[in-house]
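Input: a single structure, listed below in structure tokens.
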Amino acid sequence: MDTTMPETVPQTRGRTDAELSQSGPDAAAGSNDSADSDELLSLLSDDSAREILTTISEDPLPAREIADQLDLSRPTVYRRLNRLEAIGVVETSLSFDADGHHRQQFTATLDRVVVSIDADRITVDSAA
């Protein structure tokens with residue numbers, strides 16, 4: 001039995017050069033963009049999105065395994081993953097098995113979120 005780990009290759013999903021320059025573990029750090037902050041807060045209020053982030057915070061997993069572990073439908077998992085990836089808190093990679101099969105895997109790119117409330121605004125900062 002071959003016990004070697006599959007090779008993993010990051011994917012970019014057709015992102016622009018500007019988006020690529022901001023991707024990676026530091027992409028979400030210090031993000032003050034209002035739309036992304038609103039979307040992050042919205043996703044964190046969603047039980048499924050929080051469970052998915054927790055599940056993929058340690059190791060990359062394919063959507064099918066996330067769905068199985070959390071007892072969620074795959075469409076629900078993919079919808080949340082797409083939203084989380086759009087705001088930069090989830091990253092995808094492609095894993096190649098020794099037998100030639102490949103699959104997309106997802107991992108969280110942040111480990112904390114700080115919400116600051118001031119007199120005139122709410123600021124959301126996330127960090128890897």
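The values are calculated or read from the model by the stated rules, or taken from the named source; none is laboratory data. This one's a predicted model, so the numbers in the text were calculated from it and none came from an experiment. Because the Cβ atoms are built from the backbone with ideal geometry, glycine has one as well, and the counts that use them run over all protein chains shown.
What the table shows:
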{"quantity": "Close pairs from segment 99-128: first under 17 Å from residue 36 (Cβ atoms) and part of a loop (DSSP other than H, G, I, E, B), partner modelled with pLDDT of 90 or more and of a type in the set (D, E, K, R), Cβ under 7 Å, at least 6 apart", "calculated": "109/91"}
{"quantity": "Pair list, Cβ < 7 Å and 6+ apart or interchain, from segment 48-74 residues that are more than 15 Å from residue 93 (Cα to Cα) and modelled with pLDDT of 95 or more to residues that are outside any strand (DSSP E or B) and charged (D, E, K, R)", "calculated": "48/80; 49/80; 52/80; 67/74; 70/51; 74/64"}
{"quantity": "Candidate set from segment 85-98 (those that are in contact with an Asp or Glu (Cβ under 8 Å, 6 or more places away or on another chain) and either outside any loop (DSSP other than H, G, I, E, B) or at pLDDT 85 or above (or both)); member that is farthest from residue 56 (Cα to Cα)", "calculated": "96"}
{"quantity": "Segment 102-126, residues that are among the β-branched types (Val, Ile, Thr) and exposed (fewer than 15 other Cβ atoms within 10 Å of the Cβ)", "calculated": "114, 115, 117, 122, 123"}
